[in-house]
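Right, one structure below, let's go through it.
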Amino acid sequence: MWGKFRRAWPLVAVALIVAVGSWLLYVVWRSPHRSDLSTYGAFAVAVVALVAGWIAWAWQRARRSPAAQDRGGEDLDHVADLLAQAARRQWDLAAGERGLAGADPISVTWGRPTLPLAGPAAAAAGSQRFDPLPGLPPVGEAALAAGEIADLHAVYGGLRSGRLVIAGPPGSGKSGAAVLLILAALRYREQLPVADWPKVPVPVLFTAQDWDPRRQPVRDWLTARLQETYPLFTGSTGAANAAALIAAGKIAVILDGLDEITKELQPTALQALSQQASFRVVVLSRTAEMASAATHQGILRGAAAIELRPVESAEAARYLERVQLDPPPQGWHDLTERIQSRPSSPLSRALDSPLTLTLVRDTYQAGDDVRELLNFSDTLQSPSVDQAAGDITEHLLDRVLPAAYAHRLGQPAPRYDLQTAHDALIKIAVRMNEDGTRDLQWWRIPDWVPRTQRLLLAGLVFGLGAGLVFGLMVGLGRGPGLGLVIALGVGLGLASATAGMGGADTPSRIGRLRMRVTLEELVPGLGGGLLMGLGLGLLIGLRFGLVAGLVFGLVLGLVGVLVVVVVLGLAEGLADPDSTRSSSPFLSRRDDRKFGLVAGSVAGSVAGLVIGLVIGLVGGLVFGLGAGLGAGLVDGLVIALGIGLMVGLMYSRVWSSAVAAILLARQWHTPLHLMRFLEDARERNILRTVGPVYQFRHASLQDRLAPATSETAQSVGG
């Protein structure tokens, strides 16, 4: 009986919300204190908006799975199973984006590293740190000598030290190998009996660019990344579950981009992993950078190291033949023939990696156009084979954008022309390189413009816009003079509050309702609320007296603090403990926008009840703003609802990123709808997604697009 009630309560809540809202409208309509129809209309609009916000929250709860409602307490094994489902969805999509899911993969092999990267393979194989995964034999030293990508899962699951380093030169396929390893591990877990699932950790992959091992323990950093990537870990309960999974060794961490953090931090990061990681670890790195870190005591203790080998000429030729017509055009035939017959030529050396082979596949698609590559190779005058091979690689990278934004027969014209896309992507690549990151986090885009400009524009747009709307609503019933005062006061107050808040650090999501707020979170709310109250109080004081205005503004400012506290509490307490969604830039933006609207409605309702009573008593008895408590309640609810909604919107990163896009369009001449442009670039295979962030398809493409001159970089950064 109790379980059925818990499943049905969100639907009951919707009915109660509608009933209470209707009752409130009826009571005020029948009240002898209702002054006129226009004032009642403003009150009705506020109530309807309030009811809509509460219904949106309750309906979100109604969509939760019945199993989640019946589950009492947190079960780590259950949470791990949900994470496995979310990770499977995420990396199935990533494999499709990266061309790894087709029937014609590039055959990549691996062997012992050419430089010293880790300790003896025998020590890693003989470790007793972990048992092999169920059904897998222990990995001996001989199994670490050579293999193919398909063999990586057996090495990962059977290596008793639980620590593996996968190295290789740029473009050698390290990230692709990691994606295939994750999918193999998840499929293997699914095929085991359910009773064995708790013994198999769930693999997750993160990039390490934003990790400072000197200041942040690896568990804390991983907890934050899990929260950022998977809706399952939203809120304080989600954070606790993420930390518990890490402590219990129920996740395995694949760490990419270790070679992208500063050179001084790389040894420190490996030492931190050696000391703090109680879970299985796979580290991806470029060979040279990993060897450099190893020479400075940056060794992942107990790890076995392997290195991805160049693609053999015969395999490269076979792959290019598989992705062409049969028989291939003459130019393609000449290309594959040259690769096989001259394996030491610059062209063959250039086409010995998954990066360059896929670039040839994707940028030469019109019949016999690959002859252009042959002609370019023949005209090179480079002093060495390696330099000539590098020139060919850069030539292929330069073809990516023209090929992606070319108009193709039977398809609609590209939304953005080549020059616009080229200029915008150069500026984005420069900024990412300046920040030292491969991750393009959409919620960090506001940091690309000066804070003062961003906050001024946001304050004017949101503050004055909301002030005008609600000032007009009040002015219809109280006269245009008071309406103008309310418009200016609320507008300037919200502009001040915007300067005090500035948006959340990471995207927010809607889920289970709980209230948690700390003392540190009260500080921006107190500052923003008092600034709001001061601005409104001074303006009201022009009409009703300075003392009365300041008293009124102080009361309103303190209630503004309550609004901010409610929003911050919701941001901390909302969780979605049964989500199996994997995040993406699009989904994280949508969730953040929903949170802003719903949290703003909830905050407005809480503040409205308080501020309405305060304004009704103080305003009716002291300031003469209305005909008593009823009129004050109407005015207070209307104003407080507007404030609550706008605070919710300002807390959302979606709105601040939209403001930043406007400023970037003026300064950088990037597309006004920047997120639409980024999504279009993803569809054209310029960008890819890793959870809620974008990355350039290849790190080499990002570096190629970013101008090397400091003068260009400074102009973009400004």
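The values are calculated or read from the model by the stated rules, or taken from the named source; none is laboratory data. For clarity, every value in this text was computed on a predicted model and none was experimentally measured. Don't worry about glycine lacking a Cβ; one is built from the backbone with ideal geometry, like all the others, and counts go over all protein chains shown.
Within the range 324-382, the set of residues being among the β-branched types (Val, Ile, Thr) and surrounded by 14 or more Cβ atoms within 10 Å (Cβ to Cβ) comprises Thr336, Ile339, Thr356, Thr358, Val360, Thr363, Val370.
For the range 87-120, residues that are surrounded by fewer than 22 Cβ atoms within 10 Å (Cβ to Cβ) and part of a helix (DSSP H, G or I) total 7.
So that you can scan it fast, the table gives a plain yes or no per residue for (1) in contact with a Ser or Thr (Cβ under 8 Å, 6 or more places away or on another chain); (2) farther than 30 Å from Ile339 by Cβ; (3) of a type outside the set (Ser, Thr, Tyr); (4) in the same structural domain as Ile149 (by TED's automatic domain parsing):
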position: Gln227; (1), (2), (3), (4): yes, yes, yes, yes
position: Glu260; (1), (2), (3), (4): yes, yes, yes, yes
position: Glu264; (1), (2), (3), (4): no, yes, yes, yes
position: Pro267; (1), (2), (3), (4): no, yes, yes, yes
position: Ala272; (1), (2), (3), (4): no, yes, yes, yes
position: Ala291; (1), (2), (3), (4): no, no, yes, yes
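Number of residues in the range 260-272 that are surrounded by fewer than 23 Cβ atoms within 10 Å (Cβ to Cβ) and either assigned to a strand (DSSP E or B) or in contact (Cβ under 8 Å) with a residue 12 or more places away in the chain (or both) equals 9. Scanning the range 293-342 for residues that are among the aliphatic types (A, V, I, L, M), farther than 22 Å from Ser175 by Cα and in contact with a Ser or Thr (Cβ under 9 Å, 6 or more places away or on another chain) yields Ala317, Ile339.
Identify, please: which residue in the range 93-124 is hydroxyl-bearing (Ser, Thr, Tyr) and over 21 Å from Leu258 (Cα atoms) and is, among those, modelled with the highest pLDDT? Applying the filter and picking the extreme gives Thr109. In the set (1) under 18 Å from the mean Cα position of the chain (by Cα); (2) at negative phi, Ser236 fails one condition alone, (1). With respect to the conditions (1) outside any loop (DSSP other than H, G, I, E, B); (2) surrounded by fewer than 22 Cβ atoms within 10 Å (Cβ to Cβ); (3) touching an Asp or Glu at 6+ places or on another chain (Cβ under 9 Å), Asp210 lacks only one, and its number is (1). For the range 285-298, filtering for residues that are under 20 Å from Leu205 (Cα atoms), in contact with a Leu (Cβ under 7 Å, 6 or more places away or on another chain) and outside any helix (DSSP H, G or I) leaves 1. Checked against the criterion of being at pLDDT below 90, in a helix (DSSP H, G or I) and of a type outside the set (A, V, I, L, M), the range 637-645 has at least one qualifying residue. The single condition among (1) more than 20 Å from the chain's Cα centre (by Cα); (2) assigned to a helix (DSSP H, G or I) that Ala413 does not meet is (2).
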